[in-house]
Amino acid sequence: MFQLTCRIYFQNGKTLSSASSIYEQVGGLPFFERLVDRFYQGVVTDQVLIVLYEDPENLVKSRQHLTWFLAQYWGGPMLFNENRGHPQLRMRHMPFRIGNLERDRWLVHMLAAVNELVTDDDIRGAMTEYFVKAAEHLRNDTGLPISSAEYPR
Ligand code: HEM
């Protein structure tokens, strides 16, 4: 979901309008790098989450991939697709058991990052809504005996 804002420019007496993406409004790639840095500051201290990472000592690629994905999602260049292929996030998260607890811990850190770094109320609201829905969508452990978590795909 993209939120588009119309800007009107006056040029030689003519009115031109253009739409800018949230990616542009927040300042482009550097914003998403800061957001992901702030998110991972929380993740590395979180015993529920950090055990899910294959190499917790080296999160360079994890940061990079999340930054590419979020920048792309919010209207920036298609860096994730170019470097990693189609996101297919649900499939990519199947190796990790994501229940209510993991989902909520993930959200604690991401929403803290959003609240700290996003000053515009509408953009903060749009990001919060997206992350809450997407994290629930990626939950793959229902807590019931039948669950799709950790199934090889
Ligand atoms: C809004 C929700 C989420 C988004 C947008 C998201 C996005 C991503 C992306 C883009 C990747 C990299 C995939 C790749 O390049 O192959 C990734 C990896 C990963 N995600 Fe998520 N994720 C979300 C929620 C969660 C949740 C709730 C958990 C569980 C606690 C989780 C745990 C992980 C783990 C463990 C990895 C592997 C990290 C690595 O080593 O690269 N994610 N996620």
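A short reminder: the numbers here are calculations on the coordinates, not readings from a lab. All values reported here derive from a predicted model rather than from experimental measurement.
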Shape call, the stretch 27-138: gyration tensor on alpha carbons, a/c limit 1.5: rounded
Using the Karplus curve 6.51 cos²θ - 1.76 cosθ + 1.60 with θ = phi - 60°, what ³J(HN,Hα) values do you get for each residue of the stretch 86-103, in whole Hz, with x for Gly and Pro? 4, x, 6, 4, 5, 4, 5, 8, 4, x, 9, 7, 10, x, 4, 5, 4, 4
Show the residues, 5+ positions off or on another chain, whose built amide H is closer than 5 Å to the amide H of Ser20. Thr5, Arg7
